[in-house]
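Below is one structure, written out as structure tokens; the observations come after it.
Bear in mind that the values in this text are calculations on the coordinates, not laboratory data. Everything numeric here is computed off the predicted structure, so don't read it as measured data. Please note: Cβ atoms are built from the backbone with ideal geometry, for glycine as well, and neighbour counts cover all protein chains shown.
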Amino acid sequence: MNGLLKSARRLRGTAGALARYRVMAFIVGTGLALLCFVGIPLQVIGGNKWPWTAVVAIVGPIHGIFYIVYLVACLDLAGRARFRTVQLLGMVCSGLVPGLAFYMERKVTERVRKLLAMGPDAPPGPAATIWTVLSGRTRRDAD
Amino acid sequence: MGNRWLSRRAFVLHFLLVTVVPGCLLAGWWQVHRALSGNLLSYFYSVEWPIFAILGVVAWWQLIHDVPTKADFEKPRRERRSFLHRDDEVPSPALVWDEALETPELRRYNQYLQALSAGGERKRWGNPRGLPLDVLYEQDDDWLAAGQAGGRRDSASSGPGDEAAGGGGAGLPASSSATSQDVEPGPDRTDLLS
């Protein structure tokens, strides 16, 4: 985990986007599992009364904030690593189905590592990522 | 590659945009109502859903401007090869030119190609007068021999192919021949054709 954070700070480009995505996938996957498998059962058991809803009330907003960051990281990685729309949708949905985030993180890492291993043979770089959208410039814009 | 806003892929993205973004906004509005009726957590969600809507627009813009990859690089190369190839197959031996297989027509044609190559010329595909091939090659040989050296096509009936291979090629400039004079007959060629 510490190593992942360090590499997220150090790496740029697609490798950095992959590291950021992996960190966020881990956080979001853990948070969602905590909500669904601990928070909601406790809330149901306690009949929606205060001490029993504590986990949902605390973890819920934190998970919500991290999920937004996770979506940004997904968009960034999908733009850099030429993901198809379906794959991006899978990454988005993996923040909604508990446990899916960990599986998806493995698949995505496998795919992006293959792309990185191709070196100069890789498909050409991103036409647009969220950073080019937010900064208002377009890279490699064809027409 | 066509209009990026009107392709099939783009219409899928447009559909996702007009379903996901209003859905997020509706959910946000619903959370605003819940927050006003006393649910504290909904204050947060009524901020979060519009952010999801914005991210949806950003994703739509990004995917529209992305060029989707055609080659599926995830599959190993072996699976993409034709079934005619096998990995354990012995590479075929290099082709060796067997002169015994050369018919006279083929030899003539090869000499014609050699003459073209020696002169830095390229083969012309046009045969506007519908000449038989050997006559055409003969004329080409003569034209190479006589025309390029400076004398014109009054020698059309005389020259055998051997002279063409040696003599005609030497006078040609090697550099100018590659792209300019391959298909169109040159200006000195026109009255031969008409």
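In table form, for the structure just shown:
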| item | result |
| --- | --- |
| Whole-number percent relative contact order across the stretch B:8-65, with pairs defined as alpha carbons under 8 Å at least 6 apart | 44 |
| Cα→Cβ-extended label distance, 7 Å offset, between B:SER7 and A:CYS93, nm | 2.3 |
| Exercise: per-residue mean of other protein chain Cβ atoms within 10 Å, B:53-66 | 6 |
| Estimated distance in nm for a label pair at A:LYS114 and B:PHE15, the labels positioned 7 Å out from Cα along Cα-to-Cβ | 2.6 |
| Pair B:ASN110, A:TRP52: separation of 7 Å Cα→Cβ label points (nm) | 9.4 |
| Residue-averaged beta-carbon neighbours from other chains (10 angstrom radius) around A:71-83 | 3 |
| Exposure proxy ranking, count of Cβ atoms within 10 Å, fewest first, for A:GLU105, B:GLU105 | B:GLU105, A:GLU105 |
| Calculated from backbone phi, Karplus (6.51, -1.76, 1.60) coupling profile of the stretch B:98-115 in Hz, x at Gly/Pro | 9, 5, 5, 7, 6, 6, x, 5, 5, 5, 5, 5, 5, 5, 4, 5, 5, 5 |
